[in-house]
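To start, the structure itself, in structure tokens.
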Amino acid sequence: MSLAVDRYDCVVVGAGVAGLAAASALSGAGARVAVVERKPFVGGRAYSYPHPALQEVVDSQHVLVGCCTNLRHLCGASGIADLIRWYDGYVFLEPGGRRTNLALSGLPAPLHTSPSFAAAPMLSLRDKLAIGTALQSFVRGYPKDDSESVASWLRRKRQPDGAIRHFWRPVVISALNDTLDRCSMRYAGQVFHETFLRSAEGGRLGIPTLPLSDFYGRVAQHCEAQGGTLYEKQSVERLEQRGEEWAVHLQGGGELIAKTVISAVSFEHVPQVLGTELMTAVMPQGVAGFCHSPITSIHLWYEREFTTLDHAALLDTGIEWMFHKSRIRRSPAGQGSYLELTISASHAQLKESRETLLTRSLRELESFFPEARTTKLLKSGVLKEAKATFSVLPGMDRLRPAQETAVPGLVLAGDWTQTGWPSTMEGGVRSGYLAAEAVARQLGSSRSFVQPDLAAAGLMRWLARE
Ligand SMILES: Cc1cc2nc3c(=O)[nH]c(=O)nc-3n(C[C@H](O)[C@H](O)[C@H](O)COP(=O)(O)OP(=O)(O)OC[C@H]3O[C@@H](n4cnc5c(N)ncnc54)[C@H](O)[C@@H]3O)c2cc1C
């Protein structure tokens, strides 16, 4: 696309989930919107790319849950809701293959998973009683204050080791991508309230069935169909205030003129995009208090299937989750089996060689699926994402800025801004919709884009605080 100087109601910097959500909302409301993305694909951290050595399109599996109302709305509006495969239960495997299915029953929330929980072989009776008692803390809601860590809360609630290893830790590390001492109980409490207690719908697991940049590419196409413009492979170098307008300077010389700008980049890129003066005006606290947490994924292509599971949490190993991508995507039979193993909060693994990681992961996988030993591994790859998410460290909330800033016409978005959510696609979409609302106000119209949370269901209609 040529870069003739053009005028927009809003220029969005970054085509991650947050930027695309803002652009989708604003272009849908009739605003002239341009999105500038430095990479050759959209999706930001939720991306996929053709791996040259593997000759496969790869991504790190992203999942959502039923209570991600804003992400689901964005997918619905973009016509891709049916590209998410939904699951009603979670499978937990122990080495040796013993299996726990946490599945829905016909009982009303918050009791909807209690029959399978009561029968779960992965937990002792003592573990179950301790978890059941502690979970009652989240029936009415979750803490507003984010100062306590999950580790401290578990100590206070006297949770046994088995309950931590087989329940609290796997759920928290998968949802918040950091260790128990580095996650705030406010966000873990939100996960337990929304996905385990408030409604059966809120806890359903959704998995995109397309590689992520194709998935989010459909959202970008929808924005373009609504009149938006996407500039890929264009990096925003700096922003300049010119009277009541903004000049968005692109690397290599071009510029775009806009009434408003949304910076929808990840926190570490904000100082570069804003520059020192705007940064001081918008975020005097800076971004030094934010920390990244890594995710590592191991990609394995086998000659044939050795499990019919689509996904499972793997307990008592270094691997958090197994995604059977060829099944999730319903790849044609006879084309082998494609698995992804995910290691959350992989701080230690960042320093390990790919060979060490692969060898250990294969050994661990074989402890759950002995048949893997005799199945031919055709190819394998390791993806290390050092900056996968930001950590919801205890006390982070005071550092997360609102989308509307003190500078007229300049708005922030990104999963790291004030969304009430941890570092997730849902957090990204919420921030994008909140940013779009702020832009709409500045353009003189009052629009609301943020979607309501799922209603409490069953007994939770009386028990949960709204
Ligand atoms: C391996 C991995 C696994 C994950 N798993 C999950 C999961 O299962 N579920 C879930 O909900 N979330 C998951 N996440 C987190 C999720 O991907 C992020 O929370 C979300 O994508 C953040 O979106 P964003 O738009 O806020 O930021 P980003 O995705 O970081 O988007 C920012 C965009 O801005 C662009 N940009 C930066 N600087 C410039 C510039 N100067 N000019 C132009 N463009 C610029 C970047 O290229 C990028 O495209 C995972 C993340 C990773 C990496």
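The values are calculated or read from the model by the stated rules, or taken from the named source; none is laboratory data. Please read these numbers as outputs of a predicted model, since none were measured by experiment. Cβ coordinates were reconstructed from backbone atoms using ideal geometry, including for glycine residues, and neighbour counts include every protein chain displayed. These area figures cover heavy atoms from the full protein model, side chains too; ligands, DNA and RNA do not enter into them. Shrake-Rupley method; radii C 1.70, N 1.55, O 1.52, S 1.80 Å.
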Exclusive hit being of a type outside the set (S, T, N, Q), outside the structural domain of SER266 (by TED's automatic domain parsing) and over 25 Å from the mean Cα position of the chain (by Cα), set LEU378, LEU339: LEU378
In region 347-370, anything touching a strand residue (DSSP E or B) at 6+ places or on another chain (Cβ under 8 Å) and among the hydroxyl-bearing types (Ser, Thr, Tyr) is listed as SER361
Identify the residue in region 71-83 that is open to solvent by 40 Å² or more (accessible area, probe 1.4 Å) and either in a helix (DSSP H, G or I) or touching a Ser or Thr at 6+ places or on another chain (Cβ under 7 Å) (or both) and, among all such residues, is farthest from SER448 (Cα to Cα). ASP82
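Go through region 238-340 and tell me which strands (runs of 3 or more DSSP E), entirely inside it, have 1 or more residues that are of a type outside the set (A, V, I, L, M, F, W, C), open to solvent by 20 Å² or more (accessible area, probe 1.4 Å) and modelled with pLDDT of 95 or more. Let's see the steps before the verdict.
Values: elements: 245-250, 255-263, 292-302, 311-314, 321-324.
Output list reads 245-250, 255-263, 292-302.
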Hey, any hits in region 2-17 for a residue that's at negative phi, open to solvent by 10 Å² or more (accessible area, probe 1.4 Å), within 11 Å of the ligand (Cβ to nearest atom) and touching a residue at least 12 places away in the same chain (Cβ under 8 Å)? yes
Long-range neighbours under 7 Å by Cβ, at least six apart or interchain, first residue in contact (Cβ under 8 Å) with a residue 24 or more places away in the chain within region 342-360, second of a type in the set (D, E, K, R): THR342/GLU320; ILE343/GLU320; SER344/GLU320; ALA345/ASP178; LEU350/LYS384
Whichever residue in region 49-69 is of a type in the set (A, V, I, L, M) and part of a loop (DSSP other than H, G, I, E, B) and, among such residues, is nearest to the ligand (Cβ to nearest atom): VAL63
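Condition check ((1) in contact with a Leu (Cβ under 7 Å, 6 or more places away or on another chain); (2) β-branched (Val, Ile, Thr); (3) part of a strand (DSSP E or B); (4) open to solvent by 30 Å² or more (accessible area, probe 1.4 Å)) across all residues:
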residue	(1), (2), (3), (4)
SER380	yes, no, yes, yes
PRO401	yes, no, no, no
GLN418	no, no, no, yes
TYR433	no, no, no, no
TRP462	no, no, no, yes
Being more than 13 Å from the ligand (Cβ to nearest atom) and more than 19 Å from the chain's Cα centre (by Cα) narrows it down to one residue among ARG99, ARG38, ARG85; which is it? ARG99
Which residue pairs have Cβ atoms under 6 Å apart, sit 6 or more places apart or on different chains, and have a first residue in region 230-247 that is closer than 10 Å to LYS259 by Cα and away from the ligand (no atom under 15 Å from the Cβ) and a second that is open to solvent by less than 40 Å² (accessible area, probe 1.4 Å) and in a strand (DSSP E or B)? GLU245/ILE257
Which is open to solvent by 10 Å² or more (accessible area, probe 1.4 Å), over 20 Å from LEU454 (Cα atoms) and among the hydrophobic types (A, V, I, L, M, F, W, C), of VAL191, VAL171, VAL150? VAL171
Mind listing whichever residues of region 415-456 are in the same structural domain as ALA34 (by TED's automatic domain parsing) and acidic (Asp, Glu)? ASP415, GLU426, GLU437
Restrict the check to region 396-403 and report whether at least one residue is within 8 Å of the ligand (Cβ to nearest atom) and closer than 29 Å to GLY206 by Cα. no
